[in-house]
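Let me begin by presenting the structure, written as structure tokens, before commenting on it.
The values are calculated or read from the model by the stated rules, or taken from the named source; none is laboratory data. A quick note: this is a predicted structure, and the numbers were derived from the prediction, not measured. Cβ coordinates were reconstructed from backbone atoms using ideal geometry, including for glycine residues, and neighbour counts include every protein chain displayed.
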Amino acid sequence: MSAQPPPSPNAPDYQRAARDAMDRAKVAAQDALQTFMKLIYNPVGALPDAYSALPGQKAIAVGIVFCVAFTLCMVFAGGTIISALTGGFGSMGSMGFKGFLLVLFTSLAFGAGVGIGNYLARLAFKGQGAVSFDVFLGGATLLPIGIGALVSSLLGLIGIGGIIGQLPAMVGACLGILVLFTGLNRIAGIKEGPSSYLVAAVLTVGGFCAYLVARMLVSVLF
């Protein structure tokens with residue numbers, strides 16, 4: 001397939017802006033796929049090299065793509081985690097489009113909260129890195145969690161439940177924790193002891209942000 005011609009210099013500004021945005025999104029998706037292929041075989045050991053291969057803006061773009069992928073996984077998974085955050089208010093399927101909005105924005109809030117937690121942890125313990133690291137690590141942490149939740153949900157659809165059905169979700173959660181610890185310890189340079197506890201702190205910040213957004217949306221939508 002031949003490449004699309006560049007927009008004419010006389011094209012309206014919005015057309016050029018849209019084309020530029022599409023080009024940036026395509027590059028970010030390609031970088032994210034390459035990074036994912038590195039991490040899928042060795043999500044812990046390959047993390048430092050994967051991050052170092054991405055300049056600042058690319059690391060941010062990859063982290064955002066991972067966060068979006070996590071959100072899509074959670075939306076298709078039916079919002080199991082969101083139901084827990086809202087105190088069992090209901091499942092997405094029983095709430096229709098409002099449930100879709102609830103899962104969508106709560107998942108995004110969880111991703112943003114994990115990034116904020118990374119930033120606060122790095123700031124408090126004088127860790128190395130920049131905002132690009134916080135966004136990248138947040139996305140890399142969330143992606144296995146989302147994939148695991150999605151696979152468990154798909155297994156449930158075909159009648160595989162219980163411990164077997166929840167195994168992918170548990171594996172995804174464990175990998176997310178290991179990735180987060182590795183990023184804080186081996187990339188940010190925070191000592192092992194504090195990093196161990198900061199994993200829980202970062203995820204708590206993410207969960208708290210998700211909880212606030214979920215409760216706000218419940219009060220508005222329902």
Query raised in the report: Looking at (1) at pLDDT 95 or above; (2) under 21 Å from the mean Cα position of the chain (by Cα), which is the only condition Gly146 fails?
Result: (1)
Requested in this report: Report yes if Ala21 is outside any loop (DSSP other than H, G, I, E, B), of a type in the set (Gly, Ala, Ser), within 20 Å of Leu150 (Cα to Cα) and modelled with pLDDT under 85, otherwise no.
Outcome: no
Query raised in the report: Across the range 153-174, which residue is nearest to the chain's Cα centre (by Cα) among those that are surrounded by 14 or more Cβ atoms within 10 Å (Cβ to Cβ), of a type outside the set (A, V, I, L, M) and at pLDDT 90 or above?
Result: Gly172
Requested in this report: Check off (1) surrounded by 18 or more Cβ atoms within 10 Å (Cβ to Cβ); (2) under 18 Å from the mean Cα position of the chain (by Cα) for Leu217 and give me the number that stays unchecked.
Outcome: (2)
Query raised in the report: On the given criteria, is Ala77 buried (at least 21 other Cβ atoms within 10 Å of the Cβ), under 30 Å from Ile187 (Cβ atoms), aliphatic (A, V, I, L, M) and at pLDDT 85 or above?
Result: no
Report summary line: Conditions (1) outside any loop (DSSP other than H, G, I, E, B); (2) modelled with pLDDT under 90; (3) in contact with a Lys or Arg (Cβ under 6 Å, 6 or more places away or on another chain) -> Pro48 fails only (2)
Report summary line: Scanning the range 22-59 residue by residue, those surrounded by fewer than 21 Cβ atoms within 10 Å (Cβ to Cβ) and under 15 Å from Asp134 (Cβ atoms) turn out to be Leu54, Gly56, Gln57, Lys58
Query raised in the report: Conditions: (1) within 24 Å of Leu101 (Cβ to Cβ); (2) in contact with a Ser or Thr (Cβ under 8 Å, 6 or more places away or on another chain). Gln166 meets all but one. Number of the miss?
Result: (1)
Report summary line: With criteria (1) assigned to a helix (DSSP H, G or I); (2) within 20 Å of Leu54 (Cβ to Cβ); (3) in contact (Cβ under 8 Å) with a residue 40 or more places away in the chain, Ile147 comes up short on (2)
**Report entry** Residue count, the range 120-144 (criterion: surrounded by 21 or more Cβ atoms within 10 Å (Cβ to Cβ) and part of a helix (DSSP H, G or I))
**Finding:** 14
Query raised in the report: When you look at Leu85, is it hydrophobic (A, V, I, L, M, F, W, C), modelled with pLDDT of 90 or more and either surrounded by fewer than 16 Cβ atoms within 10 Å (Cβ to Cβ) or within 28 Å of Thr204 (Cβ to Cβ) (or both), yes or no?
Result: no
Query raised in the report: Residues in the range 134-142: is at least one at pLDDT 95 or above and over 29 Å from Leu33 (Cα atoms)?
Result: no
